[in-house]
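One structure, as structure tokens, below. Some questions next.
The values are calculated or read from the model by the stated rules, or taken from the named source; none is laboratory data. In this text the structure is predicted, and so the values were computed from the model without any measurement. Here Cβ is always computed from backbone atoms with ideal geometry, including for glycine, and neighbour counts include all displayed protein chains. Areas reflect the complete protein model, heavy atoms only, side chains present, ligands, DNA and RNA absent. Shrake-Rupley method; radii C 1.70, N 1.55, O 1.52, S 1.80 Å.
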Amino acid sequence: VPAAQKADFSGDSTAATINHSLTLLQRLQELLQNGNGSDSVLRVRSAASDEPKVFHTHQLLLSLQSEVFESLLHNQSIVTLYEPPETAALFEKFIRYLYCGGVSILLHQAIPMHQLASKYRVWGLQRGVAEYMRTHLASESSQGHVVGWYQYAVRVGDAALQESCLQFLAWNLSAVLGSAEWGSVSVELLLLLLERSDLVLHSELELYTAVESWLSRRQPEAPVAERVLRAIRYPMIAPSQLFRLQAQSAVLARHRAAVQDLLFQAFQFHAASPLHFAKYFDVNCSMFLPRNYLAPSWGSQWVITNPARDDRSTSFQTQLGPSSHDAGKRVTWNVLFSPRWLPVSLRPVYSDSVAGAIQPVRIEDGRPRLVITPAMSSPDFAGVTFQKTVLVGVRQQGRVLVKHAYSFHQSSDEAADFLAHADLQKRTSEYLIDNSLHLHIIIKPVYHSLIKVKK
């Protein structure tokens with residue numbers, strides 16, 4: 001409130017605000033509808049129709065919102081605009097936004113509306129549509145839309161939208177692999193996804209199968225197909241499944257020579273003890289790094305009902321490592337969840353001023369904590385460390401998806417930022433599904449080269 005207005009209010013108890021802005025918006029809409037007092041005409045032509053769409057507009061209102069319209073209407077009152085069919089179909093909505101500052105859009109209208117806002121330099125609308133896209137990645141659509149939005153974000157150079165789409169695709173890849181949009185993934189996007197270790201999916205075999213169907217559908221040039229196939233992490237696939245792929249996969253048969261060295265290396269990895277293998281091969285590269293696999297040998301789901309209530313614990317087992325040499329070895333993990341753990345700095349202390357008094361501590365001062373520890377001692381894990389990741393499932397637009405992932409530092413038993421921004425007290429918290437916390441804890445064993453041997 002401006003200072004002059006404040007002064008008006010403070011000195012007089014009869015002050016009141018009279019607000020008829022809705023009526024004004026209504027009048028502005030009527031101006032556009034009826035063309036009253038129009039001083040400019042926009043004729044929008046599109047290849048989809050012979051007849052142009054005609055809008056009787058007002059130069060002042062268009063110029064206020066768009067510097068492009070300001071210069072177009074500077075010396076002429078009738079302007080012909082050429083628009084592709086998708087943007088022409090939304091032009092009336094777009095003009096209405098210029099008059100009343102609001103617009104409702106659907107998923108398939110986001111890109112053409114963003115194009116109109118960018119072309120005519122209506123920056124507020126452009127930001128609004130980009131924000132709509134970032135918050136509607138989870139919406140269900142018949143054809144899928146995230147891949148298309150990512151490719152559009154690359155084209156227009158919107159780095160924030162690009163990153164949001166990539167993160168969504170990585171953490172919800174299984175949902176995308178089974179959808180119609182998987183076939184529309186570009187080579188560049190596919191290679192970007194394949195190099196990531198934070199992909200969430202059932203297993204590396206699931207990823208191979210999806211890549212095989214992409215290659216069969218797209219039939220790219222041999223060098224592209226080979227780059228894609230060499231990005232699969234074959235050591236993460238069990239030997240029995242690798243044998244089956246060699247016998248049955250047409251794609252692998254076609255490009256056998258390009259990946260033969262990787263398959264041979266994968267079989268060697270499964271045959272030898274990891275410590276022995278690590279003497280001859282560099283295991284500190286992405287080929288030997290697990291992704292976020294949801295299969296039971298890599299972790300466990302944990303649904304915590306009413307998580308704001310009290311501490312909980314659970315335990316589960318994982319395979320010691322991805323090598324077949326470790327297939328029979330199990331590690332037991334103990335997990336403790338505390339909804340309101342207090343850091344040392346906030347714990348009650350005795351005060352000298354009032355004998356024996358304890359400083360009051362509010363419940364909300366604490367923060368959720370998750371501690372994951374092995375039930376065995378570290379000598380059992382020679383050459384292996386564990387990277388822990390916790391996925392939080394959220395319900396968005398009716399679908400359960402991963403929107404939050406917490407990675408632990410390799411030497412730590414907990415993630416410093418775990419649920420740092422979650423309000424578990426609120427039943428409406430986006431971190432909860434039906435007042436329950438849906439976690440999936442993933443343990444990723446990482447082998448280390450202990451001794452270097454000259455080849």
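What are the residues in region 255-271 that are in contact (Cβ under 8 Å) with a residue 24 or more places away in the chain and either touching a Ser or Thr at 6+ places or on another chain (Cβ under 8 Å) or not small (Gly, Ala, Ser) (or both), if any?
255, 259, 262, 263, 265, 267, 269, 270, 271
Oh, and also: Please count how many residues of region 181-204 are among the hydrophobic types (A, V, I, L, M, F, W, C) and in contact (Cβ under 8 Å) with a residue 40 or more places away in the chain.
Residues meeting the conditions: 6.
Wholly within region 90-198, which helices (runs of 4 or more DSSP H) include no fewer than the required count, namely at least 3 residues that are farther than 30 Å from residue 58 by Cβ and small (Gly, Ala, Ser)?
Fully inside region 90-198 and qualifying: 159-171.
All but one of (1) in the same structural domain as residue 108 (by the TED database); (2) at pLDDT 90 or above; (3) hydrophobic (A, V, I, L, M, F, W, C) hold for residue 16; state the number of the condition that does not hold.
(1)
Among what's in region 115-158 and is without any contact (Cβ under 8 Å) to a residue 12 or more places away in the chain and of a type in the set (D, E, K, R), pick the residue that is nearest to residue 68 (Cα to Cα).
127
Based on what the data block shows, is residue 260 of a type in the set (S, T, N, Q), farther than 28 Å from residue 169 by Cβ and open to solvent by less than 60 Å² (accessible area, probe 1.4 Å)?
Taking the combined requirement at face value, the residue does not satisfy it.
I need the full set of residues from region 420-438 which are at pLDDT 90 or above and touching a Phe, Trp or Tyr at 6+ places or on another chain (Cβ under 7 Å), in order please.
Passing the criteria: only 437.
Could you grab me the full set of residues in region 280-301 that are of a type outside the set (A, V, I, L, M) and surrounded by fewer than 18 Cβ atoms within 10 Å (Cβ to Cβ)?
280, 282, 284, 285, 286, 296, 297, 301
Being open to solvent by less than 20 Å² (accessible area, probe 1.4 Å) and in contact with a Lys or Arg (Cβ under 7 Å, 6 or more places away or on another chain) is the filter here, so list the residues in region 420-440 that pass it.
Scanning region 420-440 gives a single hit, 433.
What number of residues within region 43-78 satisfy the criterion of being surrounded by 15 or more Cβ atoms within 10 Å (Cβ to Cβ), part of a loop (DSSP other than H, G, I, E, B) and touching a residue at least 40 places away in the same chain (Cβ under 8 Å)?
1
Taking only pairs six or more apart or across chains, which ones have beta-carbon atoms under 9 Å, a first residue in region 230-246 that is in contact (Cβ under 8 Å) with a residue 12 or more places away in the chain, and a second residue that is open to solvent by 30 Å² or more (accessible area, probe 1.4 Å) and acidic (Asp, Glu)?
Once the first residue is in contact (Cβ under 8 Å) with a residue 12 or more places away in the chain and sits in region 230-246, its partners that are open to solvent by 30 Å² or more (accessible area, probe 1.4 Å) and acidic (Asp, Glu) give 231/195; 245/212.
Here's a follow-up. Of (1) within 19 Å of residue 306 (Cα to Cα); (2) surrounded by 17 or more Cβ atoms within 10 Å (Cβ to Cβ), residue 406 satisfies all except one. Which?
Going through (1) within 19 Å of residue 306 (Cα to Cα); (2) surrounded by 17 or more Cβ atoms within 10 Å (Cβ to Cβ) one by one, residue 406 breaks only (1).
Which of the helices (runs of 4 or more DSSP H) found entirely inside region 214-300 contain at least 3 residues meeting this: assigned by the TED database to the domain that holds residue 184 and in contact with a helix residue (DSSP H, G or I) (Cβ under 6 Å, 6 or more places away or on another chain)?
Once the helices (runs of 4 or more DSSP H) in region 214-300 are filtered for at least 3 residues that are assigned by the TED database to the domain that holds residue 184 and in contact with a helix residue (DSSP H, G or I) (Cβ under 6 Å, 6 or more places away or on another chain), what remains is 222-229, 239-248, 256-271.
Looking only at region 306-339, which residues are open to solvent by 70 Å² or more (accessible area, probe 1.4 Å) and touching a Leu at 6+ places or on another chain (Cβ under 8 Å)?
311, 313, 329, 330, 336 - these are the residues of region 306-339 that are open to solvent by 70 Å² or more (accessible area, probe 1.4 Å) and touching a Leu at 6+ places or on another chain (Cβ under 8 Å).
Yes/no per residue for (1) modelled with pLDDT of 95 or more; (2) basic (Lys, Arg):
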{"residue": "103", "(1), (2)": "no, no"}
{"residue": "114", "(1), (2)": "yes, no"}
{"residue": "134", "(1), (2)": "no, yes"}
{"residue": "137", "(1), (2)": "no, no"}
{"residue": "175", "(1), (2)": "no, no"}
{"residue": "181", "(1), (2)": "no, no"}
{"residue": "184", "(1), (2)": "no, no"}
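Also, I was wondering about something else. Filter region 79-94 for residues that are farther than 13 Å from residue 108 by Cα, under 32 Å from the mean Cα position of the chain (by Cα) and hydrophobic (A, V, I, L, M, F, W, C); which is surrounded by the fewest Cβ atoms within 10 Å (Cβ to Cβ)?
Residue satisfying both the conditions and the ranking: 91.
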